[in-house]
């Protein structure tokens, strides 16, 4: 697939490398390709960088890997090239302005994914992968669950197929982007679990009671 | 143990019956024992009912099984008999005033459990069991996780021992009641999962990546 990854932080970089390594044609959108290329962490990268404007042109999938506070502004720069595209939103509305643990800048009666869907009504937003650290996104912890939420069934299928190609086997779909509220509100527990577990390399599995034999 | 259960809804009733069946000395606090006893769902119950006032006297453990919107008022009626007690808070701040799914009346920068802890500073509040349906509390889904959060280590141990007596094997402790924020913010995802799974009989398991051999 042709995949445009928006965002050059650790999540965007990890995911872009993983997708490129998996044979996808990847371009990474950034405000200033020259400045990004000059940063130390990009020095040994052979990823293609491009300006935000129009970076979604021709993409089969766009990944929002920006920080939550900068998401709407960043996607605004990408502009009309987002129309009609499947946008995999892996970001979280984390607010670190009060320190750690972060709080949520939107929650409960709204979500960042819904804000994105409202701002880009022609884009098919799918929330997924936001509930885990970047390395787990690409290399699932066996037996654990990944959620896929979005209004458009075909867009959910595109994302689900990609997830299965990473090795995800236990997917749970929500037929509405509104479910992103629950997915994003996982983060306050996630950050505290990282503290007591001493590692970000964990995930959850949903287990339903088996009917008695 | 002598256990006082506050609340006569389905959660309080289920838990009180389960605890009594497990050999504990259970009393259920209610505003009006006579009115509660006259309700159809209590007609075949042999549970002891008592007025809220002083119902925690002599208890080894108090369980808050009230609805979140009524918790502070109900516990206020229980009054000074809560001082020094271990209070297992299984309630959730669910607000159904806008319909289903419910929203949260407190979240993110505070939690119902912290409100209770602030209102009753001499009580040792432990948040647990709020993330699942009542039948799962008493009969764990094998392999799944239960969280225990509270400021007081001995109080957490009291609750953890009780949970193990129910059959819980995978416990994760948080050394601060502040972690209840994360535990309560699970509910928006829980109610949506109940919708897509078609059953409330599920729970999560936290799985950490195993180190490569």
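The values are calculated or read from the model by the stated rules, or taken from the named source; none is laboratory data. Nothing here was measured: the structure is a model prediction, and the numbers come from that model. A quick note on method: Cβ atoms are made from the backbone with ideal geometry, for glycine too, and the neighbour counts reach across all protein chains shown.
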Problem - Selection from region B:33-68 of residues that are within 18 Å of the chain's Cα centre (by Cα) and surrounded by 18 or more Cβ atoms within 10 Å (Cβ to Cβ) - result: B:52, B:55, B:56, B:59, B:61, B:62, B:63, B:64, B:65, B:66, B:68
Fill in the blank from the handout: Taking region A:150-172 and keeping residues over 18 Å from residue A:60 (Cα atoms) and in contact with a strand residue (DSSP E or B) (Cβ under 8 Å, 6 or more places away or on another chain) leaves A:168, A:170, A:171, A:172
Exercise for the section: Taking residue B:15 as the residue in question, decide whether it is surrounded by 14 or more Cβ atoms within 10 Å (Cβ to Cβ) and modelled with pLDDT under 95. Expected result: no
Practice task
Answer with yes or no whether residue A:45 is away from every other protein chain (no Cβ under 14 Å), under 22 Å from residue A:155 (Cα atoms), in a loop (DSSP other than H, G, I, E, B) and touching a helix residue (DSSP H, G or I) at 6+ places or on another chain (Cβ under 8 Å).
Solution key: no
Exercise for the section: Give me a count of the residues in region A:29-47 that are within 12 Å of residue A:3 (Cβ to Cβ) and at pLDDT 95 or above. Expected result: 1
Fill in the blank from the handout: In region B:113-133, residues that are touching a residue at least 60 places away in the same chain (Cβ under 8 Å) and within 14 Å of chain A (Cβ to nearest Cβ) total 5
Completion exercise
By residue number, the members of region A:177-213 that are assigned to a helix (DSSP H, G or I), within 7 Å of another protein chain (Cβ to nearest Cβ) and over 18 Å from residue B:171 (Cα atoms) are A:179, A:181, A:182, A:183, A:188
Fill in the blank from the handout: A careful count of residues in region A:81-103 that are within 17 Å of the chain's Cα centre (by Cα), more than 18 Å from residue A:192 (Cβ to Cβ) and not in a loop (DSSP other than H, G, I, E, B) gives 5
Problem - Residues that are away from every other protein chain (no Cβ under 12 Å) and either modelled with pLDDT under 95 or closer than 19 Å to residue B:185 by Cβ (or both), drawn from region B:139-164 - result: B:146, B:150
Problem - Lone qualifier among B:78, B:106, B:136 - being within 14 Å of chain A (Cβ to nearest Cβ), assigned to a helix (DSSP H, G or I) and at pLDDT 95 or above - result: B:136
Problem - Matching residues in region B:139-175 - criterion: being touching a helix residue (DSSP H, G or I) at 6+ places or on another chain (Cβ under 8 Å), over 21 Å from residue B:24 (Cβ atoms) and part of a strand (DSSP E or B) - result: B:147, B:149, B:172, B:173, B:174
Practice task
Just one of (1) surrounded by 22 or more Cβ atoms within 10 Å (Cβ to Cβ); (2) in contact (Cβ under 8 Å) with a residue 24 or more places away in the chain trips up residue A:202, so point out which.
Solution key: (1)
Practice task
Take residue A:69 and decide whether it is in a helix (DSSP H, G or I) and free of Cβ contacts under 8 Å to residues at least 40 places away in the same chain.
Solution key: yes
